[in-house]
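Single-structure report; data block below.
The values are calculated or read from the model by the stated rules, or taken from the named source; none is laboratory data. Remember, predicted model here, so these are calculated numbers, not experimental data. Neighbour counts run over all protein chains shown; Cβ positions are idealised from the backbone, glycine included. The area values use the complete protein model at the heavy-atom level, side chains included, leaving out ligands, DNA and RNA. Shrake-Rupley method; radii C 1.70, N 1.55, O 1.52, S 1.80 Å.
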Amino acid sequence: MKHKIAGAILLTILSLTTSGQTGQGTLTVKGEVGLPLTITTAGLSEFRHAEANMKDREGNMHKYTGVSVLSILDSAKVTLGKQLRGEHLKKYLLVKCADGYQVLFSLAELDPDFGNKTVILADRVDGKPLPEGKGPFRLIIPDDKALARNSYEVIEMIVSFAKD
Amino acid sequence: MHNLQEPYKLEYPANFGNMIYIPADNPLTVAGVELGRKLFYETALSGNNQLSCASCHKQELAFTDGKQFSTGVDGSSTKRNSMALVNLLWTDNFFWDGRAKGLEQQVKFPLEDQHEMGQSLNILSRKLSEIRSYPGLFRKAFGTATISGELIAKALAQFERTLISSNSPYDQYLAGKYSPDSSQLRGMKLFFINPQPEKGIRGGACGHCHSGVKTTSQLYHNTGLDTIFTDGGRADVTGQTTDKGRFRVATLRNITLTSPYMHDGRFKSLNEVLDHYSDHIDEQPKLSPFLKDLSNQKNTKGLRLTLQEKEDIIQFLQMLTDSTFIKDPRFSNPSLISQ
């Protein structure tokens, strides 16, 4: 088990989400997770630090800092690592944003033993909090060629499995 | 299986995609759609027997009513502009603020709202039970003559899902059957392209939000209409101040027929809409990041489209008018057809 239990204990555990609504500036992690999480910017330090440089649409380089999405999934006790076999390979991470935008990743795409894709939940750009409309959390996927999955205003991460 | 009713065959072009919303417990049937259509035009649906859904959603106006605000049973005005009912099969969150999930839930709002049709579903069910033809029609559609709010909602939802507009000149162009004129072609390009002044590329960036063949991403954005919000929009649903002034990206299908424009019908013409996007976007913190910092000229803010460019975009928008949709007999008032 490589879950960061210690980190998870410091987080508020969601006992019940009534309508899928989240509080101001929080991110909920739910679905096929062992431990649902509610994450605030203050609680971000409990996860593994991560940073990446990425060009914006205009071609200017920026430095994004935040935490590794993999470490969030670990804390939420998602079936990664040795558990990611058999039926668990049908699972995906769906990321939802405040404007309704949604993108997804297969768990295998993220897992270090498979795709090992770096996905960062960033809360800062060039050392400053993200601007309104993009923050408090956004995804940064340094290796994606297109920018479209680098979603703004992330409010939910839902682990689920394909049903077809 | 007791439900052996004839299924209703939905037809739409492949490029519309199959991300459609039909709940498992309300499949479309010929009898269900026909009942929904009759109900849509039924004035008994309102407390004073004077309004039907069609009072505020007229087929010839792509199911809008041409007014800034609509008038309800109590004579008061609706808070927002009536919405076009088009391609709802692909929609999941309804109203300008997305407060209703699913059409079955959505229809209960106008029916019960005191300022719209103003009648409880129970009273309505009883009323319809006493109108000669309805119990039989419900039996045909749902296998029971016992009318309930739930079945009324299901029938209306079935009919609304059939309101597909996919035969505009733009669709014909995509199918290789229509040749746009040069202004329409320029407008189409401007509509979909993001400006890149450093490369000398001019654009209107409309397609970022009015995206795909259905011309809407269905997401919630602040288009910079206001700095002070009399209508919280999406924020009234989520409770998040960051959602203030955000509304669902509107479909632009049949847009020439659905004036006035925006959630509060503030713009009378497409010229006014284009002037807004081009020249009057408030540089306010809540403006969508996809409209912020858009510029067609280095070191200037705003799209600043030329008169010709605005006209070209409007010429392209005209290509989205589907004259077969507004005349389709399957969507018209059934009681007006003499058979």
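Buried on complex formation within segment A:116-136 (loss of at least 10 square angstrom of accessible surface versus the isolated chain, 1.4 Å probe, ligands and nucleic acids ignored): A:Glu132, A:Gly133, A:Lys134. From the helices alone, meaning DSSP H stretches of at least four residues, give me the mean residue ellipticity at 222 nm for chain A, per-run term -39500 (n - 2.57), in deg cm²/dmol to the nearest 500. Mean residue ellipticity, 222 nm, calculated: -2000 deg cm²/dmol. Rounded to whole Å, give me the distance from the Cα center of segment A:62-122 to that of segment B:142-215. For segment A:62-122 versus segment B:142-215, the Cα centre distance is 33 Å.
Between 0 and 90 degrees, the angle of helix B:270-279 with respect to the longest Cα principal axis of chain B falls at about 40 degrees.
Working from label points 7 Å from Cα in the Cα-to-Cβ sense, the A:Glu87 to B:Asn48 distance is 5.9 nm. With viscosity 0.890 mPa s and temperature 25 °C, the Kirkwood radius over alpha carbon pairs of the protein assembly as shown converts through Stokes-Einstein to a diffusion coefficient of 98 µm²/s. Axis of helix B:30-40 versus longest Cα principal axis of chain B: the two differ by about 80°, to the nearest ten degrees.
Pairs of Lys residues in segment B:235-339 that lie 8 or more places apart, or on two chains, and have C-alpha atoms under 18 angstrom apart add up to 6. Computed from the C-alpha gyration tensor, the three semi-axes of the ellipsoid equivalent to chain A are 23, 19, 16 Å, from longest to shortest.
Each pair of Cα atoms in segment B:169-318 enters the Kirkwood radius, and Stokes-Einstein at 20 °C and 1.002 mPa s then converts it into a translational diffusion coefficient of 133 µm²/s.
FRET efficiency for the A:Asp126 to B:Ile22 pair, using the beta carbon distance and R₀ = 45 Å, is estimated at 0.45.
Value of Rg to Rh for chain B, rounded to two decimals, is 1.00; Kirkwood radius and Rg both from alpha-carbon coordinates.
Of all aspartates and glutamates in the structure, the ones whose alpha carbon falls short of 12 Å from that of A:Lys63, not counting any fewer than 8 places away in one chain, are A:Glu51, A:Asp123, A:Asp126. Mean residue ellipticity, 222 nm, helices only, chain B: the sum of -39500 (n - 2.57) across DSSP H runs of n ≥ 4, divided by residue count and rounded to 500, is -8000 deg cm²/dmol.
Peptides B:327-336, A:110-119 ranked from most to least packed, by the mean per-residue count of other Cβ atoms within 10 Å: A:110-119, B:327-336. Partners of A:Lys90 within straight-line reach, counting aspartates and glutamates whose Cα lies under 14 Å from its Cα and excluding those fewer than 8 residues away in the same chain: A:Glu32, A:Glu109, A:Asp111, A:Asp164. What number, in percent, do you get for the relative contact order of chain B if the mean sequence gap of Cα pairs under 8 Å and at least 6 apart is divided by its residue count? In percent, rounded to a whole number, it is 20.
Contact order for chain A, expressed relative to its length and based on alpha carbon pairs under 8 Å spaced 6+ residues apart, stands at 25 percent.
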